[in-house]
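Participant: I have a structure I would like to understand better, so I am pasting it below and will then ask my questions one at a time.
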Amino acid sequence: MKKNIKYFYNISSEYEGEYGFDFNEINSFILKILDNLIKIDEISSRACFAKLDFKSLSFDVLFTGDEKIQEINRDYRNKDMPTDVITFALFADDDFKMVTDGDIYLGEILISVDTAKTQAKEGIKKEILTLICHGILHLLGFDHQTDEDYNFIVNIQDRVINSL
């Protein structure tokens, strides 16, 4: 596992409703989630950056509502309905894997606060953290096209979130 990786992220929101969670508290957990993920050998050894030389990882997180995420889901995934999280895994999906000035820009995570509120069974904070963790796993190149892959992702994200 690579040591001394720096993590940079930008968290923003265009959500106009009540969050139902402390935005700053969620912000403080993002680096912990990423750090915990990278410490798991199954993740760091199989991530999209595994064989590359780099110094930092960066990505964006955007909170939005159902209307905007449905529009994106329709336009980019041909699914005309809201969803909880959409990732644009730019680095993982790029065959050329460009590292610029030692930084890997992983991509963007979009989260619908509306959908997160609807599906939150153990509280909105835990749901938001789970969606962020899920999104980061996608940015790192993990997908869930099979039941085995889905179970792997859910197991990892549950381990990380429960360790916080």
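Participant: Beta carbons within 10 angstrom, averaged per residue: use that to sort the peptides 120-129, 11-20, highest first. Walk me through the numbers before you get to the answer.
Facilitator: Details: 120-129: 16.6, 11-20: 12.2.
Answer by packing, highest mean first, reads 120-129, 11-20.
Participant: Over segment 31-164, with every protein chain in place, what whole percent of the accessible area is carbon and sulfur at 1.4 Å, could you tell me?
Facilitator: Carbon plus sulfur share of accessible area: 45 percent.
Participant: Grab the DSSP H runs of the chain that are 4 residues or longer, score each as -39,500 (n - 2.57), total them, divide by all residues and round the 222 nm result to the nearest 500 deg cm²/dmol.
Facilitator: Working: 6 runs with 73 residues, N = 164.
-14000 deg cm²/dmol, from helical runs alone.
Participant: Show me the chymotrypsin sites (Phe, Trp or Tyr not before Pro) within segment 95-164 that DSSP assigns to loop and that have at most 12 other Cβ atoms within 10 Å of their Cβ.
Facilitator: On the way: sites: Phe96, Tyr105, Phe142, Tyr150, Phe152; in loops: Phe96, Phe142.
The qualifying sites are Phe96.
Participant: If the chain between Asp41 and Glu16 were fully stretched, how many nm would it gain, using 0.36 nm times the residue separation less the Cα-Cα distance?
Facilitator: 5.1 nm
Participant: For helix 124-139, what angle does its Cα long axis make with the longest principal axis of the chain, in degrees from 0 to 90 and rounded to 10?
Facilitator: 40 degrees
Participant: Which percent, to the nearest 5, of DSSP beta bridges fully inside segment 13-164 are antiparallel?
Facilitator: 35 percent
Participant: Can you give the convex hull volume per residue for the Cα atoms of segment 44-164, as a whole number of Å³?
Facilitator: Working: hull volume 15.0 nm³, N = 121.
It is 124 Å³ per residue.
Participant: What is the mean projected area of the alpha carbon convex hull for segment 15-99, to one decimal in square nanometres? Provide the component values of the computation, followed by the final result.
Facilitator: Working: hull surface 29.6 nm².
Result: 7.4 nm².
Participant: Leaving out ligands and nucleic acids, note down the accessible area per residue over segment 46-148 with a 1.4 angstrom probe, in whole Å².
Facilitator: I get 53 Å² per residue for this part.
Participant: Now for a different question. Of Asn10, Ile104, Gln145, which is farthest towards the positive pole of the chain's charge dipole, taken about the Cα centre with +1 and -1 on the beta-carbons of Lys, Arg and Asp, Glu respectively?
Facilitator: So the residue we want is Ile104.
Participant: Would you mind checking the radius of gyration and Dmax of segment 112-164 based on alpha-carbon positions, in Å?
Facilitator: 11.2, 29
Participant: Between the alpha-carbon centers of segment 36-57 and segment 58-117, tell me the distance in whole angstrom.
Facilitator: When both Cα centres are located, 20 Å separates them.
Participant: Translational D (Stokes-Einstein, µm²/s) of segment 78-136 at 37 °C and 0.692 mPa s when Rh comes from the Kirkwood sum over C-alpha pairs?
Facilitator: It diffuses with D of about 252 µm²/s by this estimate.
Participant: Within segment 36-145, what is the number of lysine pairs with alpha carbons under 24 Å apart, leaving out pairs fewer than eight places apart on the same chain?
Facilitator: 15
Participant: For helix 23-39, report the angle its Cα long axis makes with the longest principal axis of the Cα atoms of the chain; keep it between 0 and 90° and round to the nearest 10°.
Facilitator: 30 degrees
The values are calculated or read from the model by the stated rules, or taken from the named source; none is laboratory data. Remember, it's a predicted structure, so these values are computed and weren't measured experimentally. For neighbour counting, all protein chains shown are included, and Cβ atoms are generated from backbone atoms with ideal geometry for every residue, glycine included. Just the protein is used for accessible areas: all its heavy atoms, side chains included, with ligands, DNA and RNA removed. Shrake-Rupley method; radii C 1.70, N 1.55, O 1.52, S 1.80 Å.
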